[in-house]
Amino acid sequence: MSFFSQFPGGDFAPLFRLLDDYDVHRAAKSSGTLRSFQPRFDVREVKDAYELHGELPGIEQKDISIEFTDPTTLVIKGRTEREYSAGTPPAGAIEGGEQPQEQPQGERYKYWVSERSVGQFHRSFSFPSRVNQDAVKASLKNGILSIVVPKAPEPTSRRIFIE
């Protein structure tokens with residue numbers, strides 16, 4: 001009998017993800033604010049490209065930067081902020097149909113739970129083979145950043161004739 005029967009095939013990824021989430025939560029609680037975070041990405045290799053799909057909910061396209069730092073390393077950076085003005089509580093803050101009392105100008109709400117990621121993020125991906133940087137395509141739809149990085153064709157030998 002296995003102690004980890006809910007993880008078929010001995011896949012401990014869900015357990016490690018839970019431990020990572022706890023570590024990030026604990027660090028954020030001790031510092032008071034979360035200044036950086038790591039969005040989750042899936043990276044897969046297909047015949048002629050690498051495909052990256054990352055979760056960036058609530059982050060606008062203008063707040064994301066994608067660039068190559070060397071021939072095989074792709075860097076994705078960005079930031080997100082959450083601001084709520086006085087008198088406008090975050091979604092779900094109204095309980096039992098009661099309307100919030102007017103808050104004096106400049107007063108902030110006391111959050112009981114704040115789990116959404118805020119701050120800056122920086123992810124770096126190194127590919128095992130050469131890539132065609134000029135043909136990379138990226139899109140952001142429904143909070144999912146999708147990037148297709150085509151593989152570069154294999155260099156071919158070319159014979160040079162002497163005239």
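Quick notes on this structure:
- Surrounding net charge for Val75, when Lys and Arg each add one and Asp and Glu each subtract one, Cβ distance under 9 Å: +1
- Pairs from Lys62/Lys110; Lys77/Lys137; Lys77/Lys151 whose Cα-Cα separation, in the structure shown, is over 20 Å: Lys62/Lys110; Lys77/Lys151
- Cβ-based net charge around Val43, under 12 Å, with every Lys or Arg adding one and every Asp or Glu removing one: 0
All of the numbers you see were taken from the coordinates with simple rules; none came from a lab. Quick caveat: nothing in here was measured; it's all calculated off a predicted structure. Cβ: placed from backbone, ideal geometry, glycine included. Neighbour counts: every protein chain shown.
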